[in-house]
Amino acid sequence: MLMQSLRAVGYTTAAAVADLVDNSIAAAARKVAIRFTPTPEPIVAVLDDGTGMDEHTLVAAMRFGSRDPRRAPLGVDLGRFGLGLKTASLSQCRKLTVASYREGRLGVACWDLGECERLGTWWLGRPGVSSVPEDILEVLVAQGQGTAVLWQDLDRLGATGGADQRRAMDLSMDEVAQHLAMVFHRFLVGEVAGPFEITVNDRALPRLDPFLEGHARGQTLHGETFQVDGHSVTVSPFVLPFPSRLNSGELDRAGGRESLKGGHGFYVYRGGRLVVPGGWFRIVPSDELIRLARVRVDVPVELDHLWKVDIRKTIAEPPLALRPELKRIVGAATVRSRRVYTYKGTQQRDADRIPLWARQDARDGAAVWRINREHPIVTAMKQGPSAPVDVDRLLRLLEELLPIHDIHLQISNDLPVSENPEMDVDELRALAKKMIDAFVDQPATVQLLLDRLHLTDPFSRDPEGARRIADGLRE
């Protein structure tokens, strides 16, 4: 009954596999191979080259509520409750077999829920070597050490709802690969415990960086370290570049477009392993303008009790004593994020720039955008000899029909907005000449327009080019 109840702890397939990788890291593994076979019998195997376990240690590891006894010589131990191996595995299958090879001896142990139900008691099976697939056994022997975790009778993972078995498992394992690539991204680049590799059906995981650290358009802000209960917690804030400024490779490295859209906030790492991928812990209110802010928080495993890390290692909560410091630090990151969004809509910061569109603030925080009636090109259209009779009505119509909501939806979803191709030199020169011709009887105005041409939209996009056009028109 206890085993059946623990199956409902709430593991996703990706979180369950990640829990097994934690055990491999604790065993000083350098390679973890995840294999899945949909036919003839669906099987998932997680195979590592860690230190392995002897018979006594294997049986202890299969007990519920015992700490996994495998220890990492580098001090990286991601276990906590001694439940992960069993609860994670049995959340996805009804038969869990663990085979471990150490010092030339192979130990095998198995939890089979069907057999436990038949006998009406706890019954840890001890099958022989023949229960281990031959290809896995060969790898363990060739490595000289290591552990293989096998999932069989996949009543949860194998439930397809009528879908094709192979396609269902392919989709599930794609999600597993994406999850592992993010959760263990610092291990995969060798940052935490040296060289480390995870493969899914012989495919290496991509190297991700949710902070795009070192990107020319990103911002790495000043980090701080705090002492909490005798241990160090390091907080490092970042501001990502505006999404439209990233190429496809950079988007993938950051975790994909969906990650950029919803992955802002705190990234809490427990022993270098990602536990919380975003969210603000109610420390600051979330809004669209702070979606580029990400704050890395490094927490040692010794502080699990203060951070309320759960069995699945997917939830954590900062201690009350640290929340004011986090709020202070995150303030700078959110301010920078808002600046990136605000500045994105303008071509330059110069206060003297003459914009074509001007913002007007209304009551209750509302705002409207109007075409600048004082813009020289607009004035030229209205005053020129060939000006339409009703220019003002045309401009008002354009203002009223500006598709603000469509533009907002596109940008708020971090979807690319293609900027209109810039006018070539001939078009800009012709436009400038038309503007000057409208004031041909006002020499002082013409001189002022030419002096300020590099500040006037759309010429301000290329100030040097605008100055050359102005010099040409003076001749």
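Odds and ends about this structure:
- Tyr269 passes every criterion in (1) within 20 Å of Val189 (Cβ to Cβ); (2) out of contact with any Asp or Glu (no Cβ under 7 Å at 6 or more places or on another chain) apart from (2).
- From the list Leu260, Leu306, the lone residue that is among the hydrophobic types (A, V, I, L, M, F, W, C), under 12 Å from the mean Cα position of the chain (by Cα) and part of a helix (DSSP H, G or I) is Leu260.
- Single match in Gly223, Gly265, Gly214, Gly271 (criterion: surrounded by 16 or more Cβ atoms within 10 Å (Cβ to Cβ) and touching a Ser or Thr at 6+ places or on another chain (Cβ under 9 Å)): Gly265
- Any pair with Cβ under 6 angstrom, 6 or more apart, that starts in segment 134-148 at a residue that is within 9 Å of Asp49 (Cα to Cα) and ends at one that is surrounded by 12 or more Cβ atoms within 10 Å (Cβ to Cβ) and acidic (Asp, Glu): Gln143/Asp49; Gly146/Asp48; Gly146/Asp49; Thr147/Asp48
- Residue under evaluation Gln92, criteria (1) outside any loop (DSSP other than H, G, I, E, B); (2) at pLDDT below 95; (3) buried (at least 21 other Cβ atoms within 10 Å of the Cβ); (4) not basic (Lys, Arg), criterion not met: (1)
- Considering segment 307-342, and only residues there that are closer than 23 Å to Gly10 by Cβ and at pLDDT 85 or above, the residue that is surrounded by the most Cβ atoms within 10 Å (Cβ to Cβ) turns out to be Pro318.
- Leading residue by the ranking (nearest to Leu448 (Cα to Cα)) among those in segment 349-382 that are part of a helix (DSSP H, G or I) and at pLDDT 70 or above: Pro376
- Among the residues of segment 433-449, those identified as among the aliphatic types (A, V, I, L, M) and part of a helix (DSSP H, G or I) are Met435, Ile436, Ala444, Val446, Leu448, Leu449.
Let's see how each residue does on (1) modelled with pLDDT of 85 or more; (2) within 17 Å of Arg373 (Cα to Cα); (3) within 43 Å of the chain's Cα centre (by Cα):
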{"site": "Pro443", "(1), (2), (3)": "yes, no, no"}
{"site": "Leu449", "(1), (2), (3)": "yes, yes, no"}
{"site": "Leu455", "(1), (2), (3)": "yes, yes, yes"}
{"site": "Gly465", "(1), (2), (3)": "yes, no, yes"}
{"site": "Arg474", "(1), (2), (3)": "yes, no, no"}
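- Selected residue (only one of Thr57, Thr97, Thr51 is at pLDDT 90 or above, part of a helix (DSSP H, G or I) and over 26 Å from Ile315 (Cβ atoms)): Thr57
- Inter-residue pairs, beta-carbon under 7 Å, first within 25 Å of Pro319 (Cα to Cα) and in segment 220-249, second part of a strand (DSSP E or B) and among the acidic types (Asp, Glu), 6+ apart: Val233/Asp298; Thr234/Asp298; Val235/Glu224
- Looking at Leu180, Leu171, just one residue is assigned to a helix (DSSP H, G or I) and at pLDDT below 90, and that residue is Leu171.
- Being over 34 Å from the mean Cα position of the chain (by Cα), outside any strand (DSSP E or B), more than 20 Å from His56 (Cα to Cα) and modelled with pLDDT of 90 or more holds for only one residue in Glu138, Glu117, and it is Glu138.
- Within segment 164-184, the set of residues being free of Cβ contacts under 8 Å to residues at least 40 places away in the same chain, under 18 Å from the mean Cα position of the chain (by Cα) and either surrounded by fewer than 13 Cβ atoms within 10 Å (Cβ to Cβ) or over 18 Å from Ala254 (Cβ atoms) (or both) comprises just one member, Asp174.
- Qualifying residue in segment 267-286 (condition: modelled with pLDDT of 90 or more and among the small types (Gly, Ala, Ser)): yes
The values are calculated or read from the model by the stated rules, or taken from the named source; none is laboratory data. Computed from a prediction, not measured in an experiment: that's the story for all the values here. Because the Cβ atoms are built from the backbone with ideal geometry, glycine has one as well, and the counts that use them run over all protein chains shown.
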